[in-house]
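Notes to accompany the following structure.
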Amino acid sequence: MTSSAPLKNEAPSVRVYVWEWPVRTAHWVIALSLIVLTVTGYYIYRPFVISTDRAGYVMATMRFTHVVAGFVFLIAFLLRIYWMFVGSRWARWNQFVPTRRSRWTDLIQTAKYYSFLRWRPTPNIGHNALAGAAYTVVYVLALIEILTGLALFSHVLGSRFWAAVRGWPVRLLDIQYVREIHFLIMFTFWMFFLHHLYSAMLVSKEEKTGVMESIFSGYKFIPGEKPVEQVTPASSTPGLTSSKA
């Protein structure tokens, strides 16, 4: 039994450093903090553990953990927003807001793929245009979640200073509406998470470029026949190396 010879016309893949460490760090910190915020936030909304021991301050512990996780979420959010302006071409803000005709075309074609009107996903190294637009909505919701969370925190503190700085949503809406908005956005995040996980696994299987692995390593493997405008040669861009698929 002999081993099969490699295909002579097999194109080498290009190892592309797509997701820089700030992007990966912000991604995982946001994901982990959301888990903590969900558990503690739901407890604050509807306590599901009642302590019979007077020394057991379950609600106080949950509130403290929620506040700490909230500030961690805020820091990761600000890091990701900052990196949209100083990061690589695949981390920039124009990957999220379609400013070119080619991105609008990609958005429509990707929508056709998810609607089963196209067999293959559009070739992209970073975010496709539809994913970028979806992330823009998520970041806007995250900003609203942060603002309402800070408003609720200032309301609990009872400080005039913090109420003046962070409590302005309460002056626009009743505190109960602010609380409900803050609570309901949590479910929107989890609906997005389920679709995000599904689409990442689907595209990873279809493209075979290491999409799932790239959020850990930062690298994707792009076929060598990619258009020049999508893959800059390794000789001119750090982080691009040629390897066999």
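Coordinate-derived values only; no laboratory data. Small disclaimer: the values here were computed from a predicted structure and weren't measured. Here the Cβ is made from the backbone with ideal geometry for all residues, glycine too, and neighbour counts use every protein chain on show.
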Study note, to complete from the structure: Ranked on Cβ counts within 10 Å of their own Cβ, fewest leading, Tyr177, Tyr43 go Tyr177, Tyr43
**Study point:** Ranked Trp83, Trp21, criterion: other C-beta atoms within 10 Å, fewest first
**Key:** Trp21, Trp83
Review point. Taking the highest mean first, how do the peptides 111-117, 127-133 order by number of other beta carbon atoms within 10 angstrom per residue?
Key: 127-133, 111-117
Study note, to complete from the structure: Full extension between Tyr139 and Arg89 adds, at 0.36 nm per residue less the Cα distance, a length in nm of 16.1 nm
Check your understanding: Which of Glu206, Glu145 comes first, and how do the rest follow, when ranked by fewest Cβ neighbours within 10 Å?
Key -> Glu206, Glu145
Study note, to complete from the structure: Highest mean packing first, using Cβ neighbours within 10 angstrom, the peptides 180-189, 68-77 sort as 68-77, 180-189
Point to revise | Check: region 41-162 dipole with +1 on Lys, Arg Cβ and -1 on Asp, Glu Cβ, in debye | key: 500 debye
